[in-house]
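Okay, structure first, notes after.
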Amino acid sequence: MQRAASGLLHDLRSGLRLLYNDLYLAAVAVLTLGLAIAVNTTVFSWVDSVLLRPIPGAAAADRLVALEKVSSSGEMQAACAYPDFRDFQKGADLLSGLAAWHLAAFTIGTDQNAQRVYGQIVSANFFALLGVKPVAGRAFTPDEDRDSQAAYPYAVISHRLWRSRFHEDRGVLGKVERVNGHPVTIVGVAPPEFRGTVTGLALDLWVHLSMIHEAGGVGSWPVNNRNAKPLALLGRLGPGVTAEQAAAQVRALAYRMAAAYPATHAGTSATVVPLWRSHAGVQAMLRSPLRILLAFSGVVLLIACANVANLLLARSVSRRKEFGMRLALGAARWRLLRQVLIESAMLAVPGVAAGLLLTLWLGRALALLLPPTDLPLAGFVDAEINGRMLAFASAACAFAALLSGITPALYSSRADVAGALLDRSRGTTAGGRAHRARGWLVVAEVALASVALIGAGLFARSFQKVSHIPLGFDPGQVQVARLFLASAGYSAGQERQFCRTLRLRLEGEHGVEAASYGIEIPLAQAGDETVQIEGYLARPGESMVIPRNNVGPDFFRLLRIPLVAGREFTDRDDEKAPPVVIVNEAFVRRFFPGADPIGRKLRIALGARLFTIVGVVKDTRYASPVEEPRPYFYAPFQQMFASGHENYFFIRTRGNPADALSALRRAIGGLDPTAGLYEVQPLTEDIRGALYAHYIAAALMSALGLLAMLLAAVGLYSLMAYAVSERRQEIGIRMALGASPSNVVGAVLRRAMALVAAGLLVGGAAALGVARMARSMLVGIGAADPPAFAGAAVLLALVGLVAGYIPARRATRVAPMSALRSE
């Protein structure tokens, strides 16, 4: 044992001495591995916070699941009605618990002391289900679970809010604060690590579900309303129960609900999914891009390992005499193998340290790519070193050390003893083997780089296609103001009057071409309603749930959505006028094929009133740029508005947008300075959110592709430079015998381009297979997109030319006479 430890220490000292004597190699290897490990650790930190550990602070989070509704078209939504929640809660006994929550914006305090925070409206069992225990006070209790409106005006605050607003004063427990204008008692403080159950957000306030109307979550107490779906459901699997078993039970319950309530549930189902597949949180849009990024960051690590292996192999060639002498003196071959692997590990360990430092910087890169938002982002945009990241980095270190060192180690352990004793310094078979091995490593690097570059090209082309899909409306020169009137204490009637008056005040203002308002912005998830259409008999199981928006006058003119038939809404379409709606062309194609829809009527479950169709507008994209046209309808804001929604005020500007925004702020200030103006930004910025999954894939894949190309260029250059340096005397002799510089350069370039061509053939085939697996994320292009493949080939060919030309040109400067005298 002592001898083994002594031998290991000897190898460590020898490795340190050799690295110190070759600081250039050590620096290049450490930086190469550090950069690759940083990329992998950064992407892992995003995957960890978004997919693997979406609810920090929850106990046994791997047993938590989301219960989601499934529409007749197969679309999954985290949207559930209050009575459905109660039915699932009673019937799904394979779940040890089921909690409900609703994301909301709150105004806490009044007047100058008011503060805007984001939080959740949650059921009484929310904290118990998660296993989250407050650090001060208490959570909601099981007996606080009656379906009584405003029965439990209680709230739990985050540790962050407790520290920033209340200065960690325990006297806040039992204190009554105004939340959205209503008195609410603070009963507890959540632990520091708990941020809520919306992945990617750090929430600050949790209000009891009985306050859902008062807290602005819905327009009326929803205990008997199966059409309003404000809740997301979170469950915990019972002991020994699998997600598949729970999903089967939930589906059966959903089918019974559909049979019992066909007006609102026909054609719908429900299921249970792991949290990483939930549609409530950033994982819904980042899930596919992050999984692809993790795979491609592995490609970058492989290229870096091949680079370091090439460097170590080159040094092993220069040490073949040393290795041969050691074998001749009785050293075991496994000792040489171990020494080279230890030297590789000694490069990988500082590489990990450099990688972790870079991770702290790279971890915030995702935040730079986010669309502008006021949401309290956390987790995937504020990377910090933790145990999981250290474990992943350690695994990457071990992988890099083994992969970087195995080829040079095997080469060293097969050193030529006879050659070393006879001092054969050139032209040995072992040297030829090393050169061929380095060539194959470069081919592998080029192949991996071509996979990354082709992937980057495919996603960049896909994003370009998505960005140019006609949306059916014009977002240019449109500003959007987001108002939270409900959280400022406004009733539904007051909200309607505020929006009506604000629009009238802005008409004719300098810089304002048109103004309107609504409860949804384009390309956001729309609300929906169950409808019955006069003269249309729904097929068995056909879903009659249709998405809708409630909008004000001039909405279609403002967004330049063409009117096909009938009329737009006017100021006369108020709560006293006969109810009317405007439908899109897809609505007409489905329900009135070949007939005139104007004057036809439909019944909306909310209030069960009959609405008359007064207009038809062109189809637009409603929730996603890549969706197919689907039925959609618009109702007048003044006729079909319920408090609890965010209000969006739209302004089409003329000339400088600042003039219109100044007019907006003056108008709001004149009406009510505390009205809840939260943010104003161009509609084009809001639309970026709908493109985010495509944008993040294109941006980060392009960065990884370029990094892979750079690493491959370094590997190819190092090989060509080393090969030329070994042949400097031969090149000098050839030039002395009449070879021209162009002959020398041509020979070197042919070797470089042969390696690039081999790598491109292998990489192209691999990239085609990978692209087919990722085809679901590509829009408007095929897996074998010619521009993406051609672009990667041209870039890598240029890299090969440069990497070969520089050392070749340097070799032509060898003095022929010096080479002859040396020979």
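The values are calculated or read from the model by the stated rules, or taken from the named source; none is laboratory data. Only a predicted model underlies this, so the values are computations on that prediction, with no experimental measurement involved. Heads up, the Cβs are rebuilt from the backbone with ideal geometry, glycines too, and the neighbour counts pull from every protein chain shown. Protein only, heavy atoms only, side chains kept; ligands, DNA and RNA dropped before computing areas. Shrake-Rupley method; radii C 1.70, N 1.55, O 1.52, S 1.80 Å.
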Practice item. State the number of residues belonging to segment 527-540 that are in contact with a helix residue (DSSP H, G or I) (Cβ under 8 Å, 6 or more places away or on another chain) and open to solvent by 20 Å² or more (accessible area, probe 1.4 Å). Key: 2
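To keep it simple, each residue is scored yes or no on (1) in contact with a Leu (Cβ under 8 Å, 6 or more places away or on another chain); (2) in a helix (DSSP H, G or I); (3) more than 30 Å from Val300 (Cβ to Cβ); (4) modelled with pLDDT under 70.
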residue: Ala713; (1), (2), (3), (4): no, yes, no, no
residue: Tyr717; (1), (2), (3), (4): no, yes, no, no
residue: Val744; (1), (2), (3), (4): no, yes, yes, no
residue: Met753; (1), (2), (3), (4): yes, yes, no, no
residue: Leu761; (1), (2), (3), (4): no, yes, no, no
residue: Gly764; (1), (2), (3), (4): no, yes, no, no
Point to revise | Qualifying position, being surrounded by fewer than 18 Cβ atoms within 10 Å (Cβ to Cβ), under 30 Å from Gly689 (Cα atoms) and touching a residue at least 60 places away in the same chain (Cβ under 8 Å), among Ser269, Ser288, Ser278, Ser297 | key: Ser288
Check your understanding: When you scan segment 499-526, how many residues do you find that are assigned to a strand (DSSP E or B) and open to solvent by less than 20 Å² (accessible area, probe 1.4 Å)?
Key -> 6
Exercise for review: Considering every residue within segment 227-250, establish whether at least one is touching a strand residue (DSSP E or B) at 6+ places or on another chain (Cβ under 9 Å), surrounded by fewer than 22 Cβ atoms within 10 Å (Cβ to Cβ) and modelled with pLDDT under 90.
Suggested key: yes
Review point. His102 passes all but one of (1) of a type outside the set (D, E, K, R); (2) modelled with pLDDT of 95 or more; (3) touching a Pro at 6+ places or on another chain (Cβ under 7 Å); which number fails?
Key: (2)
Check your understanding: Can you name the residue in segment 652-685 that is closer than 26 Å to Val117 by Cα, open to solvent by less than 50 Å² (accessible area, probe 1.4 Å) and assigned to a strand (DSSP E or B) and is also modelled with the lowest pLDDT among such residues?
Key -> Glu679
Exercise for review: Can you run down the residue pairs with Cβ atoms below 6 Å, 6 or more apart or on separate chains, where the first is in segment 759-775 and among the charged types (D, E, K, R) and the partner is assigned to a helix (DSSP H, G or I) and surrounded by fewer than 18 Cβ atoms within 10 Å (Cβ to Cβ)?
Suggested key: none
Check your understanding: Given the structure, is Ser543 touching a residue at least 40 places away in the same chain (Cβ under 8 Å), touching a Lys or Arg at 6+ places or on another chain (Cβ under 7 Å) and among the polar types (S, T, N, Q)?
Key -> no
Review point. Are any residues in segment 704-713 surrounded by fewer than 20 Cβ atoms within 10 Å (Cβ to Cβ) and in contact (Cβ under 8 Å) with a residue 40 or more places away in the chain, and if so, which ones?
Key: Leu706
Practice item. Of the numbered conditions (1) at pLDDT 80 or above; (2) touching a helix residue (DSSP H, G or I) at 6+ places or on another chain (Cβ under 9 Å); (3) within 30 Å of Arg590 (Cβ to Cβ), Ala524 fails exactly one; give the number of that condition. Key: (1)
Review point. Arg734: open to solvent by 50 Å² or more (accessible area, probe 1.4 Å), in a helix (DSSP H, G or I), at pLDDT 70 or above and of a type in the set (Lys, Arg), yes or no?
Key: no
Practice item. Please verify whether segment 599-611 includes one or more residues that are buried (at least 19 other Cβ atoms within 10 Å of the Cβ), out of contact with any Leu (no Cβ under 9 Å at 6 or more places or on another chain), more than 29 Å from Ala259 (Cα to Cα) and not hydroxyl-bearing (Ser, Thr, Tyr). Key: no
Study note, to complete from the structure: When restricted to Phe637, Phe649, Phe633, the only residue closer than 24 Å to Gly217 by Cα and over 33 Å from the mean Cα position of the chain (by Cα) is Phe637
Review point. Quick check, is Gly535 without any contact (Cβ under 8 Å) to a residue 12 or more places away in the chain, part of a loop (DSSP other than H, G, I, E, B) and of a type outside the set (A, V, I, L, M, F, W, C)?
Key: no
**Study point:** Enumeration of residues in segment 170-190 that are open to solvent by 10 Å² or more (accessible area, probe 1.4 Å) and either among the acidic types (Asp, Glu) or in contact with a Gly (Cβ under 7 Å, 6 or more places away or on another chain) (or both)
**Key:** Leu173, Glu177, Arg178, Gly181, Thr185, Val187
Study note, to complete from the structure: Of the residues in segment 563-585, those that are surrounded by fewer than 18 Cβ atoms within 10 Å (Cβ to Cβ) and in contact with a Phe, Trp or Tyr (Cβ under 8 Å, 6 or more places away or on another chain) number 1
Study note, to complete from the structure: Exactly one of Ala66, Ala36 is more than 30 Å from Pro262 (Cβ to Cβ) and either β-branched (Val, Ile, Thr) or modelled with pLDDT of 85 or more (or both), and that residue is Ala36
Revision key, fill the gap. Only one of (1) touching a residue at least 60 places away in the same chain (Cβ under 8 Å); (2) more than 25 Å from Ala690 (Cα to Cα); (3) not in a helix (DSSP H, G or I) does not apply to Gly240, and that is (1)
Review point. Restricting attention to segment 462-475, does a residue exist that is within 24 Å of the chain's Cα centre (by Cα), buried (at least 22 other Cβ atoms within 10 Å of the Cβ) and within 30 Å of Arg609 (Cα to Cα)?
Key: no
